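Step one of this worksheet: look at the structure below.
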Amino acid sequence: MTAGRYAFPLLCWVFFLLAAMLTALVVPVGEGFDEPWHMGYVQYVATTGALPPSPHLRLSREMQEFLEIGPVGTVLDRLYPKLQSHDSYWMADPETRNQKDTRARNLRFSAAYVEADSGFEQYESHQPPLYYLLCAPVFKLWTATSLPSAFLLVRIWSVLIASTLIPLTFLLSREVSQSVSIANAATLLTAMFPGIYPDLVRVSNDALAVPLATAACLMLARYVRTRSTRDAGGLGLILLTGLATKAFFIPIFGCVLLNMLMLRAPLVAGSFLALTLPGWIFYIRNATITGSFTGLPETVQAQTSVVSSFTVVLQIDWIGVIRLAAATHIWTGFWSLLPLRSWMHQTVFCVFLLASAGFVLHLLKSKHATARVLSVLYITYLLALMYYATQTFQSTTQAIIQGWYITPFVAFEACVFTLGVAQLLKGGYRTAAVSIAAFALLALLIYGTLFVAAPYYTGFTSHAPSGHLRPYSPAVADIPIISARAVRLFPLLPTLSIPVVSLAVLSLGLSLIAGFVKKESKRPDGPIE
């Protein structure tokens, strides 16, 4: 374990932290999907020392005031017409905007949790509590600061938790491939994948669930190879922690049990059942309060059942569901649904499918069972998401799989891509393919953050009446204005924070790609072997 051996993944880790910080500064607090409700959960736990009692609990007075001051994402504006979208906010006269910004900067979280008189019910109360318990001390430490600053600090804490995805990706891909070269490639692609940042750079239990899912894949792969008691124990503890974090660990847990039975390890499966018993307590509580084991709002609202869910399968346009899931997995556009050009995410998806064909060839030729076991786990998880789509269909008549729900398996997808490329291409072509893919993802990340999100959230672009986002024409003179507007609620941050962090992200990203090419070209056993 020399320092040089791990220098590359450590630099990828630094890149993730810089890119996440850039996203955290560009995207207003509360603009992440469901972020105000996740923050409200953190506030309730921190101030009361208890869990939210039911979905009928309302957000606090100060959180409601923060939302009403605005601006808010387009989706939230459609749900609550009294709120103000970013489009409307920037159309208002500067004096009105300044007054609202001053009110927002002066907001403080109170020591006690006081529900708002009306409005926003806590629909995230069904979430398991572990992530919120981890965030509560950070919240309490910074409640004396302004509400936006406390919000940003909890968001940064979430980013630090989520960043463990990067070293876990390196360990997982090395375990699956038994190749440091493949591991470096997968880690590079994961760090530059634009789809992870809208999901992980927000106050949300995904910040903990995603690295935990990656750790579960890692420990399962290790156990398949070693069959050791230590790896089995580690996997069991991660499953317990995952169940205490997010309900989407239920299908992961079920598939792991199935794998243990297929590996003729019934005692290990039984030990997992016993070890994870504390993790199921919260789901029993959900069933008692809402009538649903998972407590999903869609399930509770539509009062669905397993039978009703199967009956609607043939009514759903699954091609459309897959296309939406793939597009929003590559780039979600935050809560204002800021789109990329369709050819961009379509190209990424098609290239991934092509590499997946090579991964299938790898599965057929490989003597190692780890990749096959993880493939079964990945497919099982996707089937669980299809079940989720049946819940949204019964609740809203629209079947939806939001792309950020696939993020827990982004590390495995990076393994699929790199192993597929290694199977399809020879020699230096492999290195070239990975480098081009990394450069394209870096360009997509920079484009989406600085040329789509930043101009919109600072009033340089807006939605047209058709709903499409108007194009932005870059100008050097806009840079200081965009940066100053982006950090306007955080007086302690330098006004040029955005360009400084942007240059750091771009410089390190290009250096990582160049370093990868140089490292692989000097490898004695050939590139990406």
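With R₀ set to 45 Å, the beta-carbon distance separating residue 518 from residue 118 gives a calculated FRET efficiency near 0.15. Between residue 61 and residue 285, the simple spin-label model (points 7 angstrom out along Cα→Cβ) gives 2.7 nm. Computed from phi, the 3J(HN,Hα) profile of region 332-349 under the Karplus parametrisation 6.51, -1.76, 1.60 (θ = phi - 60°) reads 8, x, 6, 7, 9, 6, 6, x, 8, 5, 4, 5, 5, 6, 5, 5, 4, 5 Hz, with x in place of Gly and Pro.
For an R0 of 35 angstrom, estimate the FRET efficiency from the Cβ-Cβ distance between residue 382 and residue 500 and round to the nearest 0.05.
Details: r = 40 Å, r/R0 = 1.14.
Efficiency for this residue pair is about 0.30.
In percent, rounded to a whole number, the relative contact order of the chain is 21, using alpha-carbon pairs under 8 Å and six or more apart. Peptides 444-452, 141-149 ranked from most to least packed by the mean count of surrounding Cβ atoms within 10 Å: 444-452, 141-149. A cut-off of 5 Å between modelled amide H atoms, ignoring neighbours fewer than 5 places along the same chain, links residue 469 with 464. Using a probe of 1.4 Å on the protein chains alone, the accessible area found for residue 117 is around 130 Å². Only protein heavy atoms count here; on that basis, with a 1.4 Å probe, residue 161 has an accessible area of about 30 Å². Between the C-alpha center of region 137-205 and that of region 420-474 there is a gap of 20 Å.
Heavy atoms of the protein chains alone define the surface here; on that basis the chain has 42 Å² accessible area per residue at 1.4 Å probe size.
Can you work out the FRET efficiency for the pair residue 443 and residue 356, with r the C-beta to C-beta distance and R0 = 22 Å, to the nearest 0.05? Working shown, then result.
Details: r = 22 Å, r/R0 = 1.02.
The computed FRET efficiency comes out at 0.50.
Among the protein heavy atoms, those of residue 401 account for about 10 Å² of accessible surface (1.4 Å probe, every chain in place). The H on the amide N of residue 85, modeled in the peptide plane, is under 5 Å from the matching H of 72, each at least 5 residues off or on a different chain. Heavy-atom surface analysis with a 1.4 Å probe gives the chain a carbon and sulfur content of 67 percent of its accessible area. Among the trypsin sites (Lys or Arg not before Pro) in region 130-197, none sits in a DSSP loop with a Cβ that has at most 10 other Cβ atoms within 10 Å.
Ordering 406, 250, 481, 281 by how much accessible area each has at a 1.4 Å probe, largest first, what is the list? Mind dumping the intermediate values first?
Details: 406 15, 250 40, 481 75, 281 110 Å².
Putting 406, 250, 481, 281 in descending order of accessible area: 281, 481, 250, 406.
In straight-distance terms, cross-link reach from residue 82 covers every one of the lysines whose alpha-carbon lies under 23 Å from its own, apart from those fewer than eight places away in the same chain; here that gives 100. Computing Cα Rg over 2.2 N^0.38 Å for the structure here picks out one of [x] 1.20; [y] 1.53; [z] 0.96, namely [z].
Taking 7 Å steps out from each Cα toward its Cβ at residue 364 and residue 225 produces label points 2.5 nm apart.
Going down the table (246/519; 246/518; 246/367; 365/522; 367/426), which pairs top 32 Å between alpha carbons? Walk me through the intermediate numbers first.
Working: 246/519 39 Å; 246/518 41 Å; 246/367 34 Å; 365/522 27 Å; 367/426 20 Å.
With Cα atoms farther than 32 Å apart: 246/519; 246/518; 246/367.
Extension gain for the segment residue 82 to residue 273, taken as residue separation times 0.36 nm less the Cα-Cα distance, is 64.0 nm to one decimal.
The values are calculated or read from the model by the stated rules, or taken from the named source; none is laboratory data. Keep in mind it's a predicted model, so treat the numbers as computed, not measured. Counting neighbours? That spans all protein chains shown, and the Cβs are built from the backbone with ideal geometry, glycine included. With ligands, DNA and RNA removed, areas are computed over all heavy atoms of the protein, side chains included. Shrake-Rupley method; radii C 1.70, N 1.55, O 1.52, S 1.80 Å.
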